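Notes for the one structure printed next.
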Amino acid sequence: MNTTFSFEIYNRAASLPSDWDLLSSENIFLTKEYLQILENSCPVNMVCHFIGLYETEKLIGIVVTQFLFAEKLESFGERDKCLKTSVRNFAFKNFASHVLFVGNNMLTGQNAFIIDKNADQSKAIKTLHKAITQLKKNLNASGKKVHITSIKDFTASEIKPLQTEFKNNYTFSTQPNMIFKIDESWKNEQDYIDALSKKYRDQYKRARKKADGIEKQKMSLSDILKYEDVIYDLYFHVAKNAPFNTFFLARNHFSTFKETMKDKFLFYGYFLDGKLIGFNTLIKNGSIMDTYFLGYDETIQREKMLYLNMLYDMIAYSIKHSFKEVVFARTALEIKSSVGAKPLKMYGLITHSNTLINHNIAKLFNYLEPKTEWQERNPFK
């Protein structure tokens, strides 16, 4: 029997097929529920599309894409105001401001697609390629020319079948994903502290002492709504000072999340003298705990070692509730390493619509993705 492979592009999460979640059971970030939230509280400069891959009539693959148009952004990262930044911003605006991500630019890790294990993988990936080409045509036809296409966040073994299919793409590697593995013998935070070497136990004690007077509170939907503006300011402050930004969250992002995902989404506020000075968020993804966005008041953060304390709190919660690992994602690599997270090298593919630029895409990419120097730590005995 001759099997035919096809695809369907969906513009709305509401129109996804009824059997979509049969494939997404292993990853919360590809479920209809999450994709609906993503659509309802999307950054202002992002449009999401979803792709179903079919073998004859059967759904064998689910894909998420995000189209980002950076002209609506106020900041591409303000950390280093120098010539390189202004050149980077110019290059970004003129040659890289319309980016189609196959995957989720708001997360770290393989959250791009799931293909049924029993399906012909190479034919499914070939169909994915055709779907991406069609989506780009659709976007171009609606006046949104795609400059760059990027398929992102795969481990070295996951990227191989994609490299075989997407031959004219440049393979890049960005900052690693910081993964904290939880030892099976740990039952509580004390077990973790006991596993640290003296230097890092001292760091833990110093951080906890500095946080004296700060009250941590698990926040409900009504709490999040009450503090929505403060929360957004705290988030925006951190996001704006990141070395490079392609989006800013919508103001209702966290409340939309809490409303839909309930206990699978955790929001913790940190208060000093009754004032909200920081927050962090976590998403339960099966046996994995994914850290999400956070925010803080920089002046208090330094003095109270608030960021480090948040990392310890996330670890403590995850141990107590028997999670296997914590995904700490990118950025702040050294401090995450100092609490025990290990780097996992991640790869992606990138291509430019302009042939000449595509020929020199490696140079352009290195311009747009600043290199980070950091030293790996090992805090355990």
Requested in this report: Please calculate how many Å² of accessible area region 177-344 carries per residue, with a 1.4 Å probe and no DNA, RNA or ligand atoms counted.
Outcome: 44
Report summary line: Expected sort for 168-175, 199-206 on mean C-beta neighbours within 10 Å, highest first, is 168-175, 199-206
**Report entry** Packing-based order for 5-11, 62-68, using average beta carbon neighbours within 10 Å, highest first
**Finding:** 62-68, 5-11
Requested in this report: Run through the DSSP bridge list for the chain and note the antiparallel percent, rounded to the nearest 5.
Outcome: 90
Query raised in the report: If you find the alpha carbon centre of region 1-72 and of region 326-381, how far apart are they in angstrom?
Result: 26
Requested in this report: Would you list which aspartates and glutamates come within 19 Å of Lys187, measuring only between C-alpha atoms, while excluding same-chain residues fewer than 8 positions from it?
Outcome: Asp313, Glu325
Report task. At a Cα cut-off below 27 Å, give the lysines reachable from Lys137, other chains included and same-chain residues fewer than 8 away excluded. Result -> Lys32, Lys58, Lys72, Lys93, Lys123, Lys126, Lys145, Lys152, Lys160, Lys167, Lys363
Query raised in the report: So what does Ser122 come to for accessible area, using a 1.4 Å probe and Å² rounded to 10?
Result: 80
Query raised in the report: How high is the relative contact order of region 177-344, given as a whole-number percent (alpha carbon pairs under 8 Å, six or more residues apart)?
Result: 37
Query raised in the report: Can you give the Rg and Dmax of region 1-40 based on its C-alpha atoms, in angstrom?
Result: 12.2, 42
Query raised in the report: Quick one, what does Rg over Rh come out to for the chain if you take C-alpha atoms and the Kirkwood Rh?
Result: 0.96
Query raised in the report: Helix 228-240 versus the longest principal axis of the chain: what is the Cα-based angle in degrees, 0 to 90, to the nearest 10?
Result: 70
**Report entry** Relative contact order of the chain, pairs being alpha-carbon contacts under 8 Å that are 6 or more residues apart, as %
**Finding:** 22
Report summary line: Per region 177-344, sqrt(5λ) over the Cα gyration tensor eigenvalues, sorted largest first, in Å, gives 24, 19, 16
Query raised in the report: Any idea of Arg12's accessible area? Nearest 10 Å², probe 1.4 Å.
Result: 130
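The values are calculated or read from the model by the stated rules, or taken from the named source; none is laboratory data. For clarity, every value in this text was computed on a predicted model and none was experimentally measured. Positions of Cβ are generated from backbone atoms using ideal geometry, with glycine treated the same way; all protein chains shown enter the neighbour counts. To get the accessible areas, we keep the full protein, side chains included, count just its heavy atoms, and leave off ligands, DNA and RNA. Shrake-Rupley method; radii C 1.70, N 1.55, O 1.52, S 1.80 Å.
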